[in-house]
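Peer 1: Below you'll find the structure I mean.
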Amino acid sequence: MANLKFYKPSTAMLQAYMVNFNDQSLRENDTCFGEYLETRQLSFDNICSVLKKLLTIEDLSKMDDYTQLMQTNVSVTRVDGEHYEINLSHTEVYAKDVLKPDVDELVLVPNASLLEMPLPNPLILAQMPHIHESLNPRDNKRRHVGSIVQVNNTSVIFEYSTIDLINLNKKWNIIFRSPRIPFRLMYHALDLLMVCRTERNYLFAIPNLANQLHESDCFEDFNLINTQIATNSEQLQAVKQIVNGPNSLAPYIVFGPPGTGKTTTIVEAVLQLCLLRPKSHIIVTAGSNSACDTVALKICELIENNVRFADQKKNVVLRVFSRKRYEQGLENVHPLVVKYSNCANDYKNFNSLKLKKYRIIVSTLCLVGLLALNDSDVQFTHVFIDEAAASTEPETLLGIVGVKNAACHIILSGDHNQLGPFIGSQRASSLGFGQSLLERLMLSRLYQLDASGNYDRTLQTRLRRNYRSHPEIVGLFNKLYYHDELIPLAPTMKINMAAKWNQLANAKFPILFHNIYGKTCRKMHSRSRYNQQEAQVLSWYVRILLGRGIGGGLSVKQQDIGVITPYLAQCELIKQIFIERGLFDVDVGTVQRYQGREKPIIVVSMVSSYTSTTFVTNPRLLNVILSRAMSLLIIIGNPVSLGASKDIQYIINKCELHENVLGKKIDNKTSLQG
């Protein structure tokens, strides 16, 4: 970490920041970006400079939120031991929306320091490390850096081991900041890419060159670990292509719409490589810990239960956690994943691990970037980047640049029709920073379908058989987002749970829309929204499902129900209602948290009512909402407000057609008067 630069923003980008990154400021003295503003196309020549500029816009925008939280004339009080607290005065941004416990820092700045070295202009530069932070702790100009451990609505608790050396009775100026590790790693990756022409060629393969490796059906035969794959031609083709060697001139993509077995396919390919290619050394990575845990669990389960791994269990897979993740606690991580991790007995430092011992390393993209930074001598043959559509291109590059060698294959898996990366800066988003590498490649000529719907199978596989959901549920997102190309194949016994539920007028269509015209409110000290009336209706559905069952003598367990809502404040409100009623095992989460997951019953609170619905009607967000349920989908919302979206109006119309709409229906004129 010591050799990772801080990447202080350039003067040009600071000037652009001062004028909200308008086009003129971004074009100035940058012909390359000026051309990008016209074409909005990345290329071999501009990728590094354009992505670095977009990354800087996102970086500075996040830093700006921290800057707005700065405090003056603040008292510090002792909580216990090494923990201390400060109270926050009102700011335009909310601390809980910005600060990350166990990651972010708080800097106590004495007046003596400001007298000698006043705060910079622009203030955003105050978040860079300062020379007064390295002074003797007893120096009255010393700036003291603490670690934030808890963020409340009006206060922050932090940890600082040597605070006894300072005077708690005096007032302080407070700077909040992020260590910006992911941003700094991405800047570093782009610096490396600038001098790596081979990797840039790999990311912009020319069609006639890439097609030099012609697809073939003459694959080496092998025994499947998951025999169900044998009946799925797309999954089988993907596994065989990866094991026998995909096209070496460009990344291989496994495009996996909801419920089509993307993770199953990837795990099979990883384990087959491990068994059949003795020299293979594999990284499996993703942007989030939860995505890494999901794929790691499937790998660990198959290793535990398959005799073919009996003699090599200990050295097959290692799930690598960061120290921060370990300190936050692994209670929510499956014990089997912990067993095969660097935290099996106690935390083992990432740099001290003997990675060569393990055939498969599972870790986040950020940690893979650190591995590349440390110039490890471990040579990898395959890098699998899962949920690749949920990461920005610079983040995905952490798994490629500095890791890939001439003999290494990159396999991307994901679905760019579902949620993409979260971009905090609207300006960066509008300039294309939210497009993932997977999406850019899938939209390029190299990966496009031809007029007959065919594609180069040495470069990609498109999964299309849905094993998760009832055909009518699949029908919604299939029609809206997949051109009716998906094939519903979930077992009848698995998906017919609601066949006799008396709340459905038409049980053959297990989708229900409940009209409710509640008030959308904004939580104090937060940007997030909630809707009390929708929360109460949702609670009623959960209670009757748990209390009366779902018909036909079928009972419903709390674990069968998933609650999804686009807003964190609504999640917190619903959780509180459930706690008051003793419902501790109904899973409540945001749409982002539910991506990649499933439940037999999904109940959705859309929240937005007589307010902007732009966020909740985002097609990618709706795709995730619609595709989580296996047997029953209940959507609660304001049909007037939500009906402004043609996609939601389509859903409401389908429910009305099958008479599965509850709650009073009022027209637009009446609702506005109300």
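Read-outs: derived from the displayed coordinates by stated rules, not from any lab. The shown structure was predicted, so the numbers you read here are calculated from the model rather than taken from an experiment. Here the Cβ is made from the backbone with ideal geometry for all residues, glycine too, and neighbour counts use every protein chain on show.
Peer 1: Quickly work out the residue 665-to-residue 500 label distance, labels modelled 7 Å from Cα along the C-beta direction, and quote it in nm with one decimal.
Peer 2: 3.0 nm
Peer 1: How many nm separate the modelled label positions at residue 102 and residue 405, each set 7 Å beyond the Cα in the direction of the Cβ?
Peer 2: Between residue 102 and residue 405, the simple spin-label model gives 3.5 nm.
Peer 1: Further question: Under a plain spin-label model, where a point goes 7 Å from the Cα along Cα-to-Cβ, how far apart in nm are residue 379 and residue 444?
Peer 2: Between residue 379 and residue 444, the label points sit 2.6 nm apart.
Peer 1: In debye, nearest 20: dipole of region 471-673 around its Cα centre with unit charges on the Cβ of K, R (+) and D, E (-)? Walk me through the numbers on the way to the answer.
Peer 2: Values: 24 positive and 14 negative charges, 80 e Å.
Approximately 380 debye in magnitude.
Peer 1: In the chain, if the dipole is taken from +1 on Lys/Arg beta carbons and -1 on Asp/Glu beta carbons about the Cα centre, which of 442, 608, 70 is farthest to the positive end?
Peer 2: With unit charges placed on the Cβ atoms, the residue in question is 608.
Peer 1: Provide the gained length on full extension for the span residue 77 to residue 349, in nm with one decimal, where the gain is 0.36 nm per separating residue minus the Cα-Cα distance.
Peer 2: My answer for the length gained is 94.6 nm.
Peer 1: For n ≥ 4 DSSP H runs only, could you compute -39500 (n - 2.57) per run for the chain, divide by its residues and tell me the 222 nm figure to the nearest 500? If you can, show how the numbers build up before the last one.
Peer 2: On the way: 28 runs with 243 residues, N = 674.
Taking each H run of at least 4 residues, the total per residue is -10000 deg cm²/dmol.
Peer 1: Place the peptides 111-118, 591-598 in order of packing, highest mean first, counting for every residue the other Cβ atoms within 10 Å and averaging per peptide.
Peer 2: Final packing ranking: 591-598, 111-118.
Peer 1: Based on the mean of other beta carbon atoms within 10 Å per residue, what is the order of 439-447, 345-353, 315-323, most packed first?
Peer 2: Result, highest mean Cβ count within 10 Å first: 315-323, 439-447, 345-353.
Peer 1: Here's a follow-up. Relative contact order for the chain: what is it in percent, counting Cα pairs under 8 Å that are at least 6 residues apart?
Peer 2: Once divided by the residue count of the chain, the mean separation gives 12 percent.
Peer 1: Taking the Cβ of residue 496 as the centre, find all other residues whose Cβ is under 15 Å away and add up their charges (Lys, Arg: +1; Asp, Glu: -1).
Peer 2: Taking every Cβ under 15 Å from that of residue 496, the sum is +2.
Peer 1: With a sphere of radius 10 Å drawn around the Cβ of residue 343, what net charge do the other residues whose Cβ falls strictly inside it have (Lys, Arg +1; Asp, Glu -1)?
Peer 2: Computed value for this residue: +4.
Peer 1: Still on this model: In what sequence, highest mean first, do 429-438, 192-201, 630-639 appear when ranked by Cβ atoms within 10 angstrom?
Peer 2: The densest-packed peptide leads the list: 630-639, 429-438, 192-201.
Peer 1: Arrange 423, 651 by Cβ neighbour counts within 10 Å, fewest through most, would you?
Peer 2: Least to most surrounded, the residues fall as 423, 651.
Peer 1: Same structure again: Tell me the relative contact order for region 1-127 as a rounded percent, counting alpha carbon contacts under 8 Å between residues six or more apart.
Peer 2: Once normalised by length, the contact order is 19 percent.
Peer 1: With the contact rule set at Cα under 8 Å and sequence spacing of 6 or more, what percent relative contact order holds for region 349-416?
Peer 2: Details: 72 pairs, mean separation 25.0, N = 68.
Once normalised by length, the contact order is 37 percent.
Peer 1: Okay, moving on. With +1 on each Lys and Arg Cβ and -1 on each Asp and Glu Cβ, and nothing else charged, work out how big the dipole of region 70-179 is about its Cα centre, in Debye to the nearest 20.
Peer 2: That gives a dipole near 320 debye.
Peer 1: So which DSSP H runs in the chain come out at 20 Å plus along the axis (Cα) with average Kyte-Doolittle of at least -0.5?
Peer 2: On the way: long enough: 47-68 (32 Å, -0.03); 181-195 (22 Å, 1.21); 262-276 (21 Å, 1.29); 289-305 (24 Å, 0.38); 532-548 (24 Å, -0.02).
Once both thresholds are applied, what remains is 47-68, 181-195, 262-276, 289-305, 532-548.
Peer 1: Now for a different question. Which residue, chosen from 513, 582, 490, occupies the Cα position most advanced towards the positive end of the dipole of region 471-673, where the dipole is computed from +1 (Lys, Arg) and -1 (Asp, Glu) charges on Cβ about the Cα centre?
Peer 2: 582
Peer 1: Still on this model: Considering the dipole of region 471-673 built from charges on the beta carbon (Lys and Arg +1, Asp and Glu -1) around the Cα centre, which of 655, 528, 641 is farthest to its positive end?
Peer 2: 528
Peer 1: While we're looking at this one, here's another question. Only one of the values [x] 32.6; [y] 65.2; [z] 30.3 was calculated from this structure for mean projected area of the Cα convex hull in nm²; name its label.
Peer 2: Matching entry in [x] 32.6; [y] 65.2; [z] 30.3: [x].
Peer 1: OK, next. Calculate, in nm to one decimal, what residue 181 and residue 572 gain on full extension: separation in residues at 0.36 nm each, minus their alpha carbon distance.
Peer 2: Length gained, residue 181 through residue 572: 137.9 nm.
Peer 1: Moving on. Using a Förster radius of 41 Å, what is the FRET efficiency between residue 308 and residue 559 based on their Cβ-Cβ separation? Nearest 0.05, please.
Peer 2: Step by step, r from the Cβ atoms, then E = 0.80.
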